[in-house]
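Submitted below is the structure of interest, expressed as structure tokens.
The values are calculated or read from the model by the stated rules, or taken from the named source; none is laboratory data. If you're wondering where the values come from, they're calculated on a predicted model, not measured in any experiment. Cβ atoms come from the backbone with ideal geometry, glycine included; neighbour counts cover every protein chain shown. Quick note on the areas: whole protein, heavy atoms, side chains included, nothing else; ligands and nucleic acids left out. Shrake-Rupley method; radii C 1.70, N 1.55, O 1.52, S 1.80 Å.
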Amino acid sequence: MENISVNKSFGGWHRQYLHDSETLGCRMRFAVYLPPQAGASRRVPVLYWLSGLTCTDENFMQKAGAQRVAAELGMAIVAPDTSPRGAEAADDEAFDLGQGAGFYLNATQAPWDRHYRMYDYVSRELPALIEANFPVTEQRAVAGHSMGGHGALICALKRPQDYVSASAFSPICHPVNAPWGQKAFAAYLGEDRAAWEDWDASLLLKHAQRQLPLRVDIGLADSFLDVQLQPEALERAARDCGYPLELHRHAEYDHSYYFVASLIEEQLRFHARHLGL
């Protein structure tokens, strides 16, 4: 790993790193916030944050204001990039496909299948790297926003043994039925819609073998709410199978990081309760 930036924050440290990802076959950047409690004599649990379309590791760390509460709670935060990067990684001119739009799945279609394996990266390679190199425990929670909310949900539903809790802001809840999801899934996974179902939280939740504490926050002034996000599909699936979903709707909030910053403390404290902090 190459440490490329260090910033003191609320008694802890925000650090950015570059590393060569075996999973993605390219150089990747991630950020980690280590609270003041983390050190040689104490390891702390980790919240993995997955960001949305067009984002990098920097959006959440700079805009959400999470460090103050994470420092109080003794919680590390890890924020990866949202896709493979570099000239060797396939790309598209549109903002919702290619670099910045990895959708946290494992692509099976050329040219995307060579590098776009973000699910394996965020759920396997990156946690192993973090746990081997930083003073953290194996206790993990996962959260995200928009496309990253979709990523957090599918990570928790596909690998519930790896997390103690999950949450999302404004997630794409039913991507097989949403324009963003349909476009990305057709490109990354092909036209066989049966293959898409493995990456749709509303469909995965119906068959969950293990239930995690799950919180979702939605802004009712979100312009993407009805067409792209469709939280009612997730709510309906949870009701049908008895999954313990907390779905909170917030009047007048939109899709932006103003919304995330307004509610991030509630989500961090939600995770802290389940991490035993």
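Given H placed on each backbone N at 1.01 Å, which residues far from Leu247 in sequence or on other chains put an amide H within less than 5 Å of it?
Val216
Ok, one more. Lysine pairs in the chain with alpha-carbon atoms under 27 Å apart, 8 or more places apart or on different chains: how many are there?
Counting lysine pairs in the chain gives 4.
While we're on this one: Where the Cα atoms of segment 108-156 are projected onto their three principal axes, how long is each span, largest first, in whole Å?
Extents along the principal axes, in whole Å: 38, 23, 13.
Among Val136, Met1, Leu50, which residue has its Cα positioned farthest towards the positive end of the charge dipole of the chain, with +1 placed on the Cβ of Lys and Arg, -1 on the Cβ of Asp and Glu, and the dipole taken about the Cα centre?
Val136
Counting only protein heavy atoms and using a 1.4 Å probe, what share of the accessible area of the chain belongs to carbon plus sulfur, as a whole percent?
45
As a test question: what accessible area, to the nearest 10 Å², does Arg43 have when a 1.4 Å probe is rolled over all protein chains in place?
Solvent-accessible area, nearest 10 Å²: 140 Å².
Consider just the alpha-carbon atoms of segment 141-273 and return their Rg together with their Dmax, both in angstrom.
13.9, 42
On to the next question. Of the options Phe224, Ala156, Asn177, report the single residue whose Cα projects farthest towards the positive end of the charge dipole of segment 156-277 (beta-carbon charges: Lys, Arg +1; Asp, Glu -1).
Of the candidates, Ala156 comes out farthest on the positive side.
Residues with amide H under 5 Å of Ser167's amide H, sequence separation 5 or more or different chain, H placed in the peptide plane at 1.01 Å from N; which?
Val142, Ala143, Gly144, Arg215
Quick check: pseudo-label points 7 Å beyond the Cα along Cα→Cβ at Gln209 and Gln161, how many nm apart are they?
0.8
When N counts the residues of segment 224-277, how does its alpha-carbon radius of gyration compare numerically with 2.2 N^0.38 Å, as a ratio?
Compactness ratio reported: 1.34.
Quote to one decimal, in nm, the extra length available between Glu191 and Gln109 on full extension: 0.36 nm per residue of separation minus the C-alpha distance between them.
28.5 nm
Sum -39500 (n - 2.57) across every DSSP H segment of at least 4 residues in the chain, then divide by the residue count to get the 222 nm mean residue ellipticity, nearest 500.
-8500 deg cm²/dmol
Find the centroid of the Cα atoms in segment 18-64 and in segment 115-131, then give the distance between the two in whole Å.
Computed from Cα coordinates, the inter-centre distance equals 11 Å.
Here's something else I'd like to know. Under the Kirkwood approximation for Rh and a Cα-based Rg, what ratio Rg/Rh is obtained for segment 140-203?
We get a ratio of 0.99 for segment 140-203.
Continuing with this model, one more query. In segment 1-142, if every C-alpha pair distance is counted and binned at 10 Å from zero, what percent goes to each bin?
All Cα pairs considered, the percentages come to 12, 43, 32, 11, 1.
Mind grabbing the accessible area of Asp240 for me, 1.4 Å probe, Å², rounded to tens?
110
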